[in-house]
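Here's the structure, in structure tokens; my notes come after.
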Amino acid sequence: MKRVCFLLQVRPERLDEYVVRHGEVWDEMLAALRAAGWSNYTMFHREDGLVVGYLETESFEAALAAMDSELVNARWQAEMAPFFDLGDRRPDQAMSTLTEFFHLD
């Protein structure tokens, strides 16, 4: 299992609403994430809108590709887009992944 960590920047004035929306993730979206191989998925945030995501998966590229083919993901990304300033990119296309260099098991 690979551990993946990524960053996103939410508009600070929209952060509270963004957090609330993630307490209400659609069951269909959660099922799609699981089916695509996302597990142990956790998100953190700072007050300035920096979001840190963590997940475990066999292949992050395959997990992203699987979600890209899900209609529910397109709907979710469209709903989340106003929380960001990403131009034409969807939030799931703007994740900046970090390189793991230490792990204590």
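Values in this text are rule-based calculations from the coordinates and carry no lab data. The model shown is predicted, which means the values in this text are computed figures rather than measured ones. Neighbour counts are summed over all protein chains in view; Cβ atoms, including those assigned to glycine, are modelled from backbone coordinates with ideal geometry.
Here is how the numbers come out for the structure above:
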{"quantity": "Spin-label model distance (nm) - LEU7 vs GLN93, 7 Å beyond Cα toward Cβ", "calculated": "2.2"}
{"quantity": "At 1.306 mPa s and 10 °C, Stokes diffusion of the stretch 2-97 via Kirkwood alpha-carbon radius, µm² per second", "calculated": "117"}
{"quantity": "Helical contribution to [θ] at 222 nm, DSSP H n ≥ 4, -39,500 (n - 2.57), averaged over the chain, rounded to 500", "calculated": "-9500 deg cm²/dmol"}
